[in-house]
Amino acid sequence: MSQYGERALVVATLFFVALIAAHTMLDFDIWFHLRAGSDILRSGAIQHRDIYSETASGREWINHEWLSQVLFAVIYSLGGVAGLILFKVLLITASYGMIFYIARTSTARFLTVLFALCSIILSEKRLLIRPEVFTLFFVALYLLLMMESPKKKGRLVYFFPVLQAVWTNLHGYSLIGIGMVTLFLFDQLFRRLRVVILSVSAGDDVPEGAWLGQLVMVWLATVAAGCIGPYGYHQLLYPLGRIYHAARHTGMVGRHISELKPFYEGHLVHAHYVYKRELLHFLALGAAASFIADIRRMRLDLLFFFLFVFWLSVSMMRHIALFSLVAVMVTGHNLEGYFRQNREVCARRSMRIGSAICIGMSLCILVAGTGWIVGNGYLTDIFSHNKLGLGLSPVTYPEGALTFLLGEKKERVLFNNLSLGGYILWRGYPSFRPFIDGRTELYETDIFPEYIEACSDDEAYGRLLSSYQIDTVLLHHGLEDSLIPLRYLYREGWNLVYLDDTACIFEKPTPTATRQATEGAHRDLSLLDTSAITVKYFGMRKRAFPIGYLSLGRFFTIIKQYDNAIFFYEEAQKIAPGLALIYHELGTLWVLQGDYAVAGAYFQQAIGRDPANPASHYNLARCYLIEGRYNDARDELLKTLRLDGHFAQARDELAALSFRGGGGKENDE
């Protein structure tokens, strides 16, 4: 390939990176950062104690991301949501652009392009508008300086203290920067020691290494720069304190927040992301192979840092983007070193064929992936419902619910989902404050355990509402932690005062009022007419995504409004007829209504679209059991256990069938 062809391939790769990153805003935490940043700009002061939360107000709070928040607030004031998304795209594209500054030889670039494409695909769920995007950029920049400094006789190391002073105030992971400089220092000292030993052994003069003394001074300055900020050394040590606190409290937060769970556990739960495990393995093995290929010049600092971020990524899913970027950067560096030292290898016919294969695979990924992204194919699943664009993600934020609450102009003591806390702060503060938000460090010792217990047990939820004198509940009815609260509020007769395709609001009934069942609330709001629901009351827009309709279907299932639930599931079916989850939910609905033949037909359709879902096979087996079709039930139970050997209910049902005598006789009556 010509030089122009190489450049075109690199530009196309970076364009693909930008496309992956340029999706509609989906993150909840960004709204809190915007609120805090706006308040800092307005007041000119950085808070040391919380003022935003209903339950944690007055507690000590190290706002270690204050500079990120200020930058986000400024960008939002100038360019809105589109400005934030474009800023994120710029940072991520620049981070990946540094890779191709490192990999300069043709063969190294061809291989690196393939690794970069796999890396960005693996990372796409974590490319959020959060302070951690600065950490991605600074890690890439630090790696570039570490790789290039020995070639420049150490002149580049003077950037480390300046960069560290900025990074420390952008994100709590800035301690990684000091760790990287430390590894770099030890690697250079080790190399210097090796040169001295070899020179002395050979009786030669020891070459000069004066810049190592400068590197030690730079390291000290970098550590000191990590303390520059409103919280001093506490800001530098914040990540260590969080690790200690999490261990002391048995990882309560990590067990219940998906991004803090181990990578393998999370992707086993969401089986449709299994391919990402294979991408992780590909990147890890590729990086390991590149270290082995360039073993004579292997950099110990890069090796240990790569192992560290690999451990981080498998320990917590939130670090997967960091690992992906580091893996492709060290791979590019190692390949560049190997091919530069072994130019004759590049000329071999086998290597030319290998390069051509890499180019072909990369072009296939670029063409197919670009079409998939532009057509919103890669992000339009039920769990991701964002798309290519520069606006807000549909059916994500409770915009209508907050508008309703603000229009009421009443003092409220609010309970909300943890995920909604940041958006409530942005729209609702200071009129009302959230019960809990994404700053888990403020809540993990007491409020967060109470919250988790309340969302798992009806009685605990009732106690929490009473203890905190909650009079208003705002829930995103598509979230798992809304299930128990919705059931409790329906059962206890709380008044449904607002409902749309994202959220619902319940108010505590007055002591003098009689119990208002949800049917009564429906009469008051004219919700029994499904055409009125979608047009008059909800004001729902026709969606390209089924999540809003599925969320409403689930809501009406919980409050036992089965006709309305079926209506919304069927609307979702029109949008996404191939989505197995819709048929599974419809089958569950018909089970609740006692029609097992119809339910079984829906479960069969769900299996036809997703044969690897053990829950659909198990539920179909339950329908067969009730209908007396024992042999069919036994077959489905066996399929369930083949898919999930730990499915306890399936094992118990199969044991009961065997006890009957090998499956029993079919009841054809």
Requested in this report: May I ask you to verify whether PHE432 is part of a loop (DSSP other than H, G, I, E, B) and not small (Gly, Ala, Ser)?
Outcome: yes
Query - Odd one out for ILE30 among (1) hydrophobic (A, V, I, L, M, F, W, C); (2) surrounded by fewer than 20 Cβ atoms within 10 Å (Cβ to Cβ); (3) closer than 20 Å to LEU392 by Cα - result: (2)
Requested in this report: Please identify the pairs in which a residue from region 614-627 that is open to solvent by 30 Å² or more (accessible area, probe 1.4 Å) has its Cβ atom under 8 Å from the Cβ atom of a residue that is of a type in the set (A, V, I, L, M) and modelled with pLDDT of 90 or more, counting only partners at least 6 apart or on another chain.
Outcome: TYR618/LEU637; ASN619/VAL591; ASN619/ALA599; ARG622/VAL591; ARG622/ALA633; GLU627/ALA597
**Report entry** Subset tally (residues that are more than 14 Å from LEU414 (Cα to Cα), in contact (Cβ under 8 Å) with a residue 60 or more places away in the chain and open to solvent by 10 Å² or more (accessible area, probe 1.4 Å)) for region 476-495
**Finding:** 6
Query - The listed residue being within 19 Å of the chain's Cα centre (by Cα) and open to solvent by 20 Å² or more (accessible area, probe 1.4 Å), out of ILE121, ILE129 - result: ILE121
Report task. Give region 54-63 a look and list any residue that's under 24 Å from the mean Cα position of the chain (by Cα) and either β-branched (Val, Ile, Thr) or open to solvent by 20 Å² or more (accessible area, probe 1.4 Å) (or both), or say none. Result -> ILE62
Query raised in the report: Looking at ILE102, ILE51, which one is at pLDDT below 95, among the β-branched types (Val, Ile, Thr), at negative phi and surrounded by fewer than 16 Cβ atoms within 10 Å (Cβ to Cβ)?
Result: ILE51
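Looking for something among the charged types (D, E, K, R), surrounded by 16 or more Cβ atoms within 10 Å (Cβ to Cβ) and modelled with pLDDT under 90 - is there at least one such residue anywhere in region 572-581?
No, the conditions are met nowhere in region 572-581.
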Report task. State all residues of region 434-475 that are without any contact (Cβ under 8 Å) to a residue 60 or more places away in the chain, within 21 Å of PHE555 (Cα to Cα) and of a type in the set (S, T, N, Q); if no residue qualifies, say none. Result -> SER456
Query - Tally, over region 289-315, of residues that are touching an Asp or Glu at 6+ places or on another chain (Cβ under 7 Å) and surrounded by fewer than 18 Cβ atoms within 10 Å (Cβ to Cβ) - result: 1
Query - helices (runs of 4 or more DSSP H) wholly inside region 439-499 that include at least 2 residues being out of contact with any helix residue (DSSP H, G or I) (no Cβ under 6 Å at 6 or more places or on another chain) and more than 27 Å from GLU60 (Cβ to Cβ) - result: 458-467, 483-491
Query raised in the report: Any idea which residue in region 105-118 is nearest to LEU325 (Cα to Cα), counting only those that are open to solvent by 20 Å² or more (accessible area, probe 1.4 Å) and touching a Gly at 6+ places or on another chain (Cβ under 9 Å)?
Result: PHE115
Requested in this report: Determine whether region 556-564 contains at least one residue that is under 28 Å from the mean Cα position of the chain (by Cα), assigned to a helix (DSSP H, G or I) and at pLDDT below 85.
Outcome: yes
**Report entry** Pair list, Cβ < 9 Å and 6+ apart or interchain, from region 411-424 residues that are touching a residue at least 60 places away in the same chain (Cβ under 8 Å) to residues that are open to solvent by 10 Å² or more (accessible area, probe 1.4 Å) and assigned to a strand (DSSP E or B)
**Finding:** ARG412/GLU507; ASN417/HIS476; SER419/HIS476; LEU420/HIS476
Report summary line: When region 1-29 is checked residue by residue, the ones that are under 30 Å from GLY391 (Cβ atoms), aliphatic (A, V, I, L, M) and out of contact with any helix residue (DSSP H, G or I) (no Cβ under 7 Å at 6 or more places or on another chain) are VAL11, LEU26
Requested in this report: Consider HIS33 carefully, then state whether it is in a helix (DSSP H, G or I), closer than 30 Å to GLU444 by Cβ and touching a residue at least 60 places away in the same chain (Cβ under 8 Å).
Outcome: yes
Query - Enumeration of residues in region 93-112 that are out of contact with any Phe, Trp or Tyr (no Cβ under 8 Å at 6 or more places or on another chain) and assigned to a helix (DSSP H, G or I) - result: THR93, TYR96, GLY97, MET98, ILE99, PHE100, TYR101, ILE102, SER106, PHE110, LEU111
Requested in this report: Examine region 347-354 for a residue that is open to solvent by less than 20 Å² (accessible area, probe 1.4 Å) and in a helix (DSSP H, G or I), and state whether such a residue exists.
Outcome: no
Query raised in the report: Taking region 608-644 only, how many residues are within 28 Å of the chain's Cα centre (by Cα) and of a type in the set (Gly, Ala, Ser)?
Result: 3
Requested in this report: May I ask you to verify whether LEU71 is open to solvent by 10 Å² or more (accessible area, probe 1.4 Å), under 20 Å from the mean Cα position of the chain (by Cα) and not basic (Lys, Arg)?
Outcome: no
Query raised in the report: Condition test on PHE545, is it modelled with pLDDT under 75, closer than 28 Å to LEU418 by Cα and of a type in the set (Phe, Trp, Tyr)?
Result: yes
Query raised in the report: Is there any pair linking a residue in region 563-579 that is on the phi > 0 side of the Ramachandran plot to one that is open to solvent by 50 Å² or more (accessible area, probe 1.4 Å) and assigned to a helix (DSSP H, G or I), with Cβ under 7 Å and at least six apart or on different chains, and which?
Result: none
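The values are calculated or read from the model by the stated rules, or taken from the named source; none is laboratory data. Remember, predicted model here, so these are calculated numbers, not experimental data. In this analysis, Cβ positions are derived from the backbone assuming ideal geometry, glycine residues included, and neighbour counts consider all displayed protein chains. What goes into the accessible areas is simple: the full protein's heavy atoms, side chains included, and nothing from ligands, DNA or RNA. Shrake-Rupley method; radii C 1.70, N 1.55, O 1.52, S 1.80 Å.
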